[in-house]
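The values are calculated or read from the model by the stated rules, or taken from the named source; none is laboratory data. Note that the structure is a prediction, hence the values are computed from the model and not measured. For neighbour counting, all protein chains shown are included, and Cβ atoms are generated from backbone atoms with ideal geometry for every residue, glycine included. Each accessible area value is taken on the protein alone, full model and side chains, heavy atoms only, with ligands, DNA and RNA left out. Shrake-Rupley method; radii C 1.70, N 1.55, O 1.52, S 1.80 Å.
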Amino acid sequence: FDGLAEGMPDLTKVIVKEFQILTTLQELIRIAVGLSDTAASDFILVLHKRLKDISITKHVVGDLWHLVKPTEERKIWELAESLEDNLLAVCPPDKSKTAHDRMNIPGLRLDEALAKHYIQSKRKRPVVAGVIEHM
């Protein structure tokens, strides 16, 4: 994508925006593995800005830790729960469904796809069931 964006500065901005979620997930994995000294809470906030749903944010972070450091899954889940007030302050829930950009078009929204995944998931988590599990 970088080669295509050389002559198009607007495309560079779009690429950075669209791939930011992958960069965030990669950094959370690096933190879980111990390859980064960055605080997990910082990137949980960044992830939440994109997902805009506390329950989904906690599930994604918990699943990342389950993949790379399962012994710490409960700890990271508790950290995410302790950040709930900050998550709400940074990005309050937005119930609007207007299609101003691709993220709001049905079928292309990451938060909706993740919610469907977690609703159908049968995985036992080391935490109390939340809103998603009761849907």
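A few points about this structure:
- Scan of region 54-67 for residues that are in contact with a helix residue (DSSP H, G or I) (Cβ under 8 Å, 6 or more places away or on another chain) and open to solvent by less than 60 Å² (accessible area, probe 1.4 Å), ordered by number: 54, 55, 56, 57, 58, 59, 60, 61, 62, 64, 65
- Tallying residues that are open to solvent by less than 90 Å² (accessible area, probe 1.4 Å) and either not hydrophobic (A, V, I, L, M, F, W, C) or not in a helix (DSSP H, G or I) (or both) within region 33-47 yields 6.
- Among the residues making up region 7-32, those that are open to solvent by 80 Å² or more (accessible area, probe 1.4 Å), farther than 15 Å from residue 50 by Cβ and either part of a helix (DSSP H, G or I) or of a type in the set (Gly, Ala, Ser) (or both) are 9, 10, 13, 30.
- Members of region 48-86 found to be aliphatic (A, V, I, L, M), part of a helix (DSSP H, G or I) and more than 12 Å from the chain's Cα centre (by Cα), listed by number: 67, 68, 76, 79
- Considered as a group, the residues in region 108-135 that are open to solvent by 70 Å² or more (accessible area, probe 1.4 Å) and closer than 24 Å to residue 18 by Cβ include one that is modelled with the highest pLDDT, and that residue is 116.
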